Amino acid sequence: VVKALPALRCPRACPGLLSTPEAVLAIGGGSSMFTAAEAFASVEILSQTEWRPGPSLLRPRCAAGVCVTASGHAMVLGGYAGRDCYEASVEWADASSSEGLLRGWSMAPPLLQARAGCAACFGPDGCVWALGGGSDESTSLDTVERLDPREGVWHQAPDMPGRRRCFASSFGLDGKLYIYGGWDRERWHDDSAARLDLRNMSWEPLPPCVGEAGSLIPYHFVSGCAAF
């Protein structure tokens, strides 16, 4: 059953949304989804009846990649900071408890490449993954990075089949990394899908997703999560 939630305290375009056992967080975002937008550093936390202010990010971020690790650490990757600035920086907070969240955000190792509109996932390999996005207004990326928290270093992973930003990505129950949709300057509505097998680090193309009455659904701005 889909239920309406309380309205956010602040309208946000392209915020990050995280769910942990302790809280639901709306992270950053901006005044619009366009490059002239103001980017936000503010964070809101959902209680039972309302959103309340949470610890602000160290830097404003719109369209950042977000995910939660197995230990409950909230990770915020890249994003658009306003004034034509695209972030490679990364922040984390302990979202495993309300006390941890109150301690606020800390910097983590930066990405190899600045990216906004990227997807972020925590994988069964214990790594944080950053996929796609864009490092300027027009050019999308096909590059992929992964961070092993035990090493504290980002490593290049196999490029995606095609450039894309603002797309859906998630690890499936089979342990494979799935991507779907998004957009690029040369293809504004992308219905393509693929998955990465971590055993041999190779991408496999998948059929486009099918919508109602068997129609194909070309998506852009489908950023968020994919469920399997």
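The values are calculated or read from the model by the stated rules, or taken from the named source; none is laboratory data. Owing to the predicted nature of the structure, the values given are computational and were not obtained by experimental measurement. Note that each Cβ is placed from the backbone with ideal geometry, even for glycine, and that neighbours are counted across all protein chains shown. Calculation scope for accessible area: heavy atoms of the full protein, side chains included, ligands and nucleic acids excluded. Shrake-Rupley method; radii C 1.70, N 1.55, O 1.52, S 1.80 Å.
Below is a table of values for the structure above.
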item: Sequence of 145, 22 when ordered by accessible area, the most exposed leading, probe 1.4 angstrom; result: 22, 145
item: Alpha carbon convex hull of the stretch 96-187, projected area averaged over orientations, nm²; result: 7.1
item: Interchain or long-range residues, amide H under 5 Å from residue 140's placed H; result: 185
item: Placed amide H near residue 24: partners under 5 Å, 5+ positions off or other chain; result: 46
item: Size of charge dipole - the chain - debye, nearest 20, with Cβ of Lys, Arg +1 and Asp, Glu -1, no other charges; result: 300
item: Efficiency of FRET from Cβ geometry, residue 156 and residue 204, R₀ 25 Å, rounded to 0.05; result: 0.80
item: Rounded accessible area per residue of the chain, 1.4 Å, Å²; result: 50
item: Karplus-derived HN-Hα couplings along the stretch 29-44 (A = 6.51, B = -1.76, C = 1.60, θ = phi - 60°), whole Hz, x at Gly and Pro; result: x, x, 6, 7, 9, 9, 5, 7, 6, 7, 8, 10, 9, 6, 10, 10
item: Range of Cα positions in the stretch 13-62 per principal axis (Å), largest first; result: 34, 19, 16
item: Inter-label distance, nm, simple model (7 Å from Cα along the C-beta direction), residue 56/residue 148; result: 3.8
item: Translational diffusion coefficient (Stokes-Einstein; Kirkwood radius from C-alpha pairs) of the stretch 6-90 at 4 °C, 1.567 mPa s, in µm²/s; result: 101
item: Candidate values (i) 1.05; (ii) 1.08; (iii) 0.95, label of the one derived for Rg/Rh (Cα atoms, Kirkwood Rh); result: (iii)
item: Ellipticity estimate at 222 nm from DSSP helix runs (n ≥ 4, -39,500 (n - 2.57)) divided over the chain, nearest 500; result: -500 deg cm²/dmol
item: Theoretical gain in end-to-end length, residue 174 to residue 102 [0.36 nm per residue, Cα-Cα removed]; result: 22.4 nm
item: Shape parameters for the stretch 56-154, alpha-carbon atoms, Rg then Dmax in Å; result: 12.9, 41
item: Surface share of carbon and sulfur [accessible, 1.4 angstrom probe, percent] for the stretch 1-83; result: 56
item: Accessible surface, 1.4 Å probe, highest first, among residues 203, 129, 105; result: 203, 105, 129
